[in-house]
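Step one of this worksheet: look at the structure below.
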């Protein structure tokens, strides 16, 4: 359609489901030795912002800038997720992406704190934070190193973690 001045005018419709029933979901996150990460989940993008939201959630969990994170979806070979509809995607898939990101980060942190060559050697994991791809001691920001440095020192190209989440209010039929 066009308005009286020749401008295109669009009409749309959106809907949501209430109450929202959250569902079990799974995700995988990989951290690569070059400092980028990939989050994966079998969800779909139907124009609801899944790529953006899941990239942001993975980036936050890893302490990486969003431009260093890629989200892959829409393939049955990727970790299982519920349907993309009924307002379930962010509430169901989001926690799985966050959990996988935290688990991948934890694997790298565990390598660092067990490695005498690391500036994080012997530090409690709970005292380590990550910002812009750099893991460091929260009270001593100069004491740290990057994902790249840790993975390269251990001759690893990638480290990955897979997580499943089961929301408390998930519909029991979704667990079968």
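What number goes with the only condition from (1) buried (at least 22 other Cβ atoms within 10 Å of the Cβ); (2) under 11 Å from the mean Cα position of the chain (by Cα); (3) closer than 25 Å to residue 153 by Cβ that residue 94 does not pass?
Every condition holds for residue 94 apart from (3).
Against the conditions (1) buried (at least 18 other Cβ atoms within 10 Å of the Cβ); (2) out of contact with any strand residue (DSSP E or B) (no Cβ under 6 Å at 6 or more places or on another chain); (3) touching a residue at least 60 places away in the same chain (Cβ under 8 Å), where does residue 57 fall short? Just the number, please.
(3) is the only condition that residue 57 fails.
May I ask you to list the residues in the stretch 4-39 that are in a loop (DSSP other than H, G, I, E, B), surrounded by 10 or more Cβ atoms within 10 Å (Cβ to Cβ), at pLDDT 80 or above and at negative phi? First the steps, then the outcome.
Of all residues in the stretch 4-39, those in a loop (DSSP other than H, G, I, E, B) come to 4-7, 9-24, 33-36.
Retained after the next criterion (residues that are surrounded by 10 or more Cβ atoms within 10 Å (Cβ to Cβ)): 17, 20-24, 33-36.
Next cut, at pLDDT 80 or above only: 22-24, 33-36.
Answer for the stretch 4-39, where residues must be in a loop (DSSP other than H, G, I, E, B), surrounded by 10 or more Cβ atoms within 10 Å (Cβ to Cβ), at pLDDT 80 or above and at negative phi: 22, 23, 24, 33, 34, 36.
So which residues in the stretch 103-132 are buried (at least 19 other Cβ atoms within 10 Å of the Cβ) and under 11 Å from residue 61 (Cα atoms)? Steps first, please.
Of all residues in the stretch 103-132, those buried (at least 19 other Cβ atoms within 10 Å of the Cβ) come to 104-105, 108-109, 112, 118, 120, 123, 128, 130.
Of everything in the stretch 103-132, those that are buried (at least 19 other Cβ atoms within 10 Å of the Cβ) and under 11 Å from residue 61 (Cα atoms) turn out to be 104, 105, 130.
The values are calculated or read from the model by the stated rules, or taken from the named source; none is laboratory data. This structure is a prediction, so every number in the text was calculated from the model and none was measured. Counting neighbours? That spans all protein chains shown, and the Cβs are built from the backbone with ideal geometry, glycine included.
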